[in-house]
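> Mind having a look at this structure? Questions to follow.
The values are calculated or read from the model by the stated rules, or taken from the named source; none is laboratory data. These numbers come from a predicted model, not from an experiment. Note that we place each Cβ from the backbone using ideal geometry, even for glycine, and neighbour counts take in every protein chain shown.
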C-alpha cells in the first residue's frame, strides 16, 4: 500500500481500473432503453391561453409535453393517463399571441424535432362564441363490443357553399372516456389563422373527422376521409364508429426520437477506460526500458 501511495503511475492505473470495472458492470446490468416508437405529433385546439398536444406510441407508455417560450423548454405537463398508446396533453395558462416551443417524451425517449423543437403560436383572445351544436359520438374497436377508451377524435369544419367562413377551420380534437364516448362544442372552433370563430352553415358545409384509436387502428389517417354534412341538430349524435385495426406503425410516420438515458454511454466509457489503461501500460514499459 505504501508503494502504491508513493507511485503516481500506480495510483493512476488503479483509478482507471476502478472506473473501467464500474462502467462495464453497470452497462451490463442496466436494462436497455425502452423505445415506445413515438409517432405523429399534432398540436390542436389552439386558443389564446391553451392548446392540446397529441401523439401515439407503438406500445403503451406514459407521456409528457415539455414546453416554453425558449429552447430548451423549461416546463412540463404529463398525460393524465399513465399507460396508453394514444397520448393527449392539455397545456394551459399560456399568454395570447405568443410562440411556444415543445417536445414530447414517452418513457425514456424524447422527440424534439431533431433539436429544432416543435412550435405553435397561441391566438388572440376572442369574445363569446356564436351559437351552434354540440357534436358527440361513440368509438369502439372493430368487434363493436369493446369501447375505444383514450382514443382521439380530430375535427375540422369545411366550407362548401361560401355562406359562412371560407376554407377550412383549424383542427380541434377530443379524447374518448373509458366508455368510448366523446363530444365537442363546434362553435368553439376557430379559423385556421385563429383570428376569429369559424362560422359554419348547417345547409351544406361539412365536418371532417379522423379517429385515432392507437393499437386498435384509426380511421381517416390513411386517405379514407370521414366527411359528413353538418346537421342542425343540437346536440348532434354522430353515432357509433368502429376502428379499423390498422396498426400505428403502418399508418403513421415516426420522427427521429432522441434517447435521453445516460446508461447507453456506459459501454463507451468502459472502452475509453480500456484504451487509457493500455496507453498507461505502454508508457510505463517505455519508461522502464529507458531507465535500463
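> Quick check, is residue 58 surrounded by fewer than 20 Cβ atoms within 10 Å (Cβ to Cβ), in contact with a helix residue (DSSP H, G or I) (Cβ under 8 Å, 6 or more places away or on another chain), modelled with pLDDT under 95 and in a strand (DSSP E or B)?
Criteria met by residue 58.
> Here's a check for you: in the range 165-176, which residue that is buried (at least 16 other Cβ atoms within 10 Å of the Cβ) and over 20 Å from the mean Cα position of the chain (by Cα) is nearest to residue 46 (Cα to Cα)?
Among those that are buried (at least 16 other Cβ atoms within 10 Å of the Cβ) and over 20 Å from the mean Cα position of the chain (by Cα), it is 169.
> Under 6 Å by Cβ, and 6 or more places apart or on different chains, what pairs join a residue from the range 31-43 that is more than 16 Å from residue 83 (Cβ to Cβ) with one that is buried (at least 19 other Cβ atoms within 10 Å of the Cβ) and at pLDDT below 85?
These pairs meet every condition: 39/248; 39/252; 40/252.
> Restricting to the range 195-206, name every residue that is in contact with a strand residue (DSSP E or B) (Cβ under 8 Å, 6 or more places away or on another chain) and either modelled with pLDDT of 95 or more or surrounded by fewer than 20 Cβ atoms within 10 Å (Cβ to Cβ) (or both).
Of everything in the range 195-206, those that are in contact with a strand residue (DSSP E or B) (Cβ under 8 Å, 6 or more places away or on another chain) and either modelled with pLDDT of 95 or more or surrounded by fewer than 20 Cβ atoms within 10 Å (Cβ to Cβ) (or both) turn out to be 196, 197, 198, 204, 206.
> Here is a further query. I need the full set of residues from the range 137-154 which are surrounded by 14 or more Cβ atoms within 10 Å (Cβ to Cβ), assigned to a loop (DSSP other than H, G, I, E, B) and out of contact with any helix residue (DSSP H, G or I) (no Cβ under 9 Å at 6 or more places or on another chain), in order please.
Listed by number, the list holds a single entry, 149.
> When you scan the range 123-136, do you find a residue that is free of Cβ contacts under 8 Å to residues at least 40 places away in the same chain and not in a loop (DSSP other than H, G, I, E, B), even just one?
No: the range 123-136 contains no residue that is free of Cβ contacts under 8 Å to residues at least 40 places away in the same chain and not in a loop (DSSP other than H, G, I, E, B).
Listed here are the residues, each with its yes/no results for (1) part of a loop (DSSP other than H, G, I, E, B); (2) within 16 Å of residue 172 (Cα to Cα); (3) within 12 Å of the chain's Cα centre (by Cα).
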residue: 46; (1), (2), (3): yes, yes, no
residue: 54; (1), (2), (3): no, yes, yes
residue: 66; (1), (2), (3): no, no, yes
residue: 96; (1), (2), (3): yes, no, no
residue: 101; (1), (2), (3): no, no, no
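> Which number in (1) at pLDDT below 95; (2) buried (at least 18 other Cβ atoms within 10 Å of the Cβ) marks the one condition that residue 113 misses?
Condition (2) is where residue 113 drops out.
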